[in-house]
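Peer 1: The following block contains the structure, expressed as structure tokens.
The values are calculated or read from the model by the stated rules, or taken from the named source; none is laboratory data. Bear in mind the structure is a predicted one, so any value in this text is a computation, not a measurement. Neighbour counts run over all protein chains shown; Cβ positions are idealised from the backbone, glycine included. These area figures cover heavy atoms from the full protein model, side chains too; ligands, DNA and RNA do not enter into them. Shrake-Rupley method; radii C 1.70, N 1.55, O 1.52, S 1.80 Å.
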Amino acid sequence: MRLAELSERSGVPIPTIKYYLRERLLPPGHRISATQAEYGEGHLRRLRLVRALIQVGRMPVATAREVLAAVTDDSLDPHVRLGAAVWAIPHGPEPDGDDPATDTARRTADALLEQLGWRFAQGTGEQSPAYRMVVSGIATMVRLGYPCDVGQLLPYARSAAELAVADLDLVERYERGEEQVEAAVALTVLYEPVLLGLRRLAQAEESNRRFG
């Protein structure tokens, strides 16, 4: 397809597509003349991912480029590619190493992973942005005096495990390795606001059931 058709099918304006091409967020098309190029379904799929990262995930262009580099690195197996791509997504504030609450939070997080039997998560530990995100969140609750021991966190972690199964079931519907990683990254970004909204709706339902 030509650039105009790519724009029409993707809903992305031509100037924006040209910007993504210049920033290497989108691979160049197949050159058919000095001024024209052909684009394929892979470009359309990549545009959807770029829009998810930048427009929905509010990701800086440089960070989006880093995520896409992991997505396209076919020297890695799917698990490593998925991990590298998702790790590159912004994860929120880092733990404050000078805060005593951070040590308590790390012990709680480690005990939680042990209770769950999440060996891979235990092995990655501080290297994982998601682990550091959990530690930072627990530390904030510790500082403010809100409940956050292992018993209180277990229901959330077990729900997350069920969500992970649903996530990867969706990802496995895609056939090629690169498509699977692209889908995993896009769904990570796109589903997070849905999950937050569903949690708040569920809270409203439960509140009405108990107190309404």
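Peer 1: Out of curiosity, is ARG143 open to solvent by 70 Å² or more (accessible area, probe 1.4 Å) and not β-branched (Val, Ile, Thr)?
Peer 2: yes
Peer 1: So which pairs qualify, if the first residue must be in segment 185-212 and part of a helix (DSSP H, G or I), the second must be open to solvent by 70 Å² or more (accessible area, probe 1.4 Å) and basic (Lys, Arg), the Cβ gap must be under 7 Å, and the two must be at least 6 apart or on different chains?
Peer 2: ALA186/ARG48
Peer 1: Which one of these is within 26 Å of ILE138 (Cβ to Cβ), within 25 Å of the chain's Cα centre (by Cα) and of a type in the set (Val, Ile, Thr): THR102, THR16, THR72?
Peer 2: So the residue among THR102, THR16, THR72 that is within 26 Å of ILE138 (Cβ to Cβ), within 25 Å of the chain's Cα centre (by Cα) and of a type in the set (Val, Ile, Thr) is THR102.
Peer 1: Moving on to the next point. Condition check: over 17 Å from the mean Cα position of the chain (by Cα), on the phi > 0 side of the Ramachandran plot and surrounded by fewer than 18 Cβ atoms within 10 Å (Cβ to Cβ). Does GLY117 satisfy that?
Peer 2: yes
Peer 1: Go through (1) touching a residue at least 12 places away in the same chain (Cβ under 8 Å); (2) under 19 Å from ALA52 (Cβ atoms); (3) open to solvent by 30 Å² or more (accessible area, probe 1.4 Å) and name the single condition ILE89 misses.
Peer 2: With (1) touching a residue at least 12 places away in the same chain (Cβ under 8 Å); (2) under 19 Å from ALA52 (Cβ atoms); (3) open to solvent by 30 Å² or more (accessible area, probe 1.4 Å) applied to ILE89, the lone miss is (3).
Peer 1: If you don't mind, another one. Does GLU162 meet the test of being modelled with pLDDT under 90 and in a helix (DSSP H, G or I)?
Peer 2: It is false that GLU162 is modelled with pLDDT under 90 and in a helix (DSSP H, G or I).
Peer 1: Is it fair to say GLY83 is open to solvent by 20 Å² or more (accessible area, probe 1.4 Å), over 20 Å from the mean Cα position of the chain (by Cα), under 30 Å from ILE138 (Cβ atoms) and not basic (Lys, Arg)?
Peer 2: In short, no.
Peer 1: Return a yes/no flag: does segment 93-109 have any residue that is under 30 Å from LEU25 (Cβ atoms) and assigned to a helix (DSSP H, G or I).
Peer 2: no
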